Amino acid sequence: MNRSSGLFLHPTSFPSRYGIGDLGKHAFDWIDLLVQMKQAFWQVCPLGPTGYGDSPYQSFCSFAGNTLLISPDLLKEEGLLSSSDLEQYPVLSDKEVDFGSVITQKDALFHKAFDKFNDTPEFDDFCEKEKYWLDDYALFRVLKDKHNGLPWYLWNSPQRLRYPSVLEELATTEWKALKYQKFLQFTFFKQWKALKDYANSNNILIIGDIPYYTAYDSSDAWASPELFELDENGRPLRVAGVPPDYFSATGQLWGNPLYQWEYMRQDGYRWWVKRMRKILELVDLVRLDHFRGFEAYWAVPAFSETAVNGVWVKGPGIDFFNTVRRELGKLPVIAEDLGEITEGVEELRCKVGLKGMKILQFAFDGNPDNPYLPYNVYPDSITYTGTHDNDTSLGWYSNLEDKSKRIVEKYLGCSGSNFLERFLRLAFGSPSKLCIIPFQDVLGLGSDHRMNTPGTDSGNWKWRYTPELLTKDKIELIAELTSVYGRSPKSFTVLNYGQVS
């Protein structure tokens, strides 16, 4: 990979008049903006339908798309919505996502589009091709609606345990509701493909994200309980998290069910192969979240109140990656190698041949051997100022204690007034072949514009930008830094499964 750079922005953060970013005009404008700023990459969070806490890392399905991203304007262009339909949509905040209102209002709008939708060969082909996950996902969403949103493990036994007679009856009595869910997925994937094609035609590669775990309340766990550490009633035996770390003194209790890795190994990790193949239809490279879990993962007894009392359990290791590569070929994957990284985790990353992540906000503890300091960074890595889990860089700096601030200022040779520009220069000038900047740092925003605070279950994932935040001088600065530090785009070719040459 040549030296290059990109920006991190999840599509929910785009401007739009529908209360949440979508895949319409502003998404295509975003690609144009990346080109203007001389970027080669666009990184996003997971694209699945969000569940608990509206988190893209707690998705209702590992294969489905987030249909809240569907553009009503594009549906109007198809003749499925009218100008009157769009005019009746209420005015929602343009600065943050009110997920409750967006879900309600978009669902009503999408039902109007569905009423005008007629089957097409393209739709039928989609349903047939994707039935390996789509049929179960549609059943899951219909049953969830019939249970007023309750998670599947609180449904009555026939639905919870998937009695065949119950599912067969649903297929007959709820055929229209099931078709509606399939229509939404068909529409999402069609709109996303058009955006990805536009990005690639403008030499922009998309970096996607696969969460290591799936949500407990998901069609994955409901339809395939044998893949997870669940008892005969669907209750978890142990759950996921991480021990105390930089973000939390009591660790992070994620609550996801753990995988039955031995069972997966025996069938050639078939579910994971399908999952990887699906995401690589949507993006060009994949950030593999919580990579260290493939070497060892933190297992916490079910129903614990914190993650403190967990234990490390060995993961599938190199066998997993060798098996997946035999099925899919060379994997364009980035390892999210953050958290408690041991020699074993680093050895696995090197064996697999994956680039790791270097976060500048983690570099300034006063230790000259800190692996995140740029002079300790290896070229085959990716430097970030911060991630979606960090404060914005300006917010981070503003909240440092005086001693830590002085360390940062001495390293950068700056004062508070020019901190952010020096920090961006440090990222662009790092030895890493790839540099990714969260869009909040491009805009020079403080803590109020943070995307997520780990360990909290409310108030996250809401941030959106408005066009007036982006000024000419900010665009020119990023374009200049890209050029000065040798990261201007070079030509590329998108190969099968997103491989890049």
inquiry  = Suppose the filter is at pLDDT 95 or above and within 25 Å of ASN256 (Cβ to Cβ); does PRO72 pass it?
reply    = no
request  = Of all residues in the stretch 210-242, count the ones that are under 22 Å from the mean Cα position of the chain (by Cα) and not in a helix (DSSP H, G or I).
outcome  = 14
remark   = Within the stretch 441-451, residues surrounded by fewer than 22 Cβ atoms within 10 Å (Cβ to Cβ) and assigned to a loop (DSSP other than H, G, I, E, B) come out as GLY444, LEU445, GLY446
Qualifying position, being assigned to a loop (DSSP other than H, G, I, E, B) and among the hydrophobic types (A, V, I, L, M, F, W, C), among PHE303, PHE321 = PHE303
message = Taking the criterion of being crowded, with 22+ Cβ neighbours inside 10 Å, touching a helix residue (DSSP H, G or I) at 6+ places or on another chain (Cβ under 9 Å) and over 18 Å from CYS45 (Cβ atoms), would at least one residue in the stretch 196-205 satisfy it?
response = no
task = Name, by its number, the condition in (1) buried (at least 20 other Cβ atoms within 10 Å of the Cβ); (2) of a type in the set (Asp, Glu); (3) over 23 Å from PRO438 (Cα atoms) that does not hold for ASP337.
result = (3)
request  = Consider PHE63 carefully, then state whether it is under 27 Å from SER218 (Cβ atoms), part of a loop (DSSP other than H, G, I, E, B) and either touching a Gly at 6+ places or on another chain (Cβ under 6 Å) or of a type in the set (Phe, Trp, Tyr) (or both).
outcome  = yes
message = So for the stretch 30-40 (the condition being out of contact with any Lys or Arg (no Cβ under 9 Å at 6 or more places or on another chain) and among the small types (Gly, Ala, Ser)), does at least one residue qualify?
response = no
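Being touching a strand residue (DSSP E or B) at 6+ places or on another chain (Cβ under 8 Å) and either over 27 Å from GLU168 (Cα atoms) or of a type in the set (Val, Ile, Thr) (or both) narrows it down to one of GLU77, GLU96, so name that one. Give the steps one after another, and end with the answer.
Values: GLU77 fails: touching a strand residue (DSSP E or B) at 6+ places or on another chain (Cβ under 8 Å).
Answer to the selection: GLU96.
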message = So if I check each of LYS274, LYS278, which one is under 15 Å from the mean Cα position of the chain (by Cα) and surrounded by fewer than 21 Cβ atoms within 10 Å (Cβ to Cβ)?
response = LYS278
ask   = Applying the selection to the stretch 481-501, what residues are touching a Pro at 6+ places or on another chain (Cβ under 8 Å) and either modelled with pLDDT of 95 or more or in a loop (DSSP other than H, G, I, E, B) (or both)?
value = GLN499
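For ILE478, state whether it is part of a strand (DSSP E or B), at pLDDT 95 or above and buried (at least 18 other Cβ atoms within 10 Å of the Cβ). Full working, then the answer.
Numbers: part of a strand (DSSP E or B): no; at pLDDT 95 or above: yes; buried (at least 18 other Cβ atoms within 10 Å of the Cβ): yes.
Considered against the rule, which asks whether it is part of a strand (DSSP E or B), at pLDDT 95 or above and buried (at least 18 other Cβ atoms within 10 Å of the Cβ), ILE478 comes out as no.
The values are calculated or read from the model by the stated rules, or taken from the named source; none is laboratory data. Every value quoted in this text rests on a predicted model; they were computed, and no experiment measured them. When we count neighbours, we look across all protein chains shown, and the Cβ atoms used for this are built from the backbone with ideal geometry, even at glycine.
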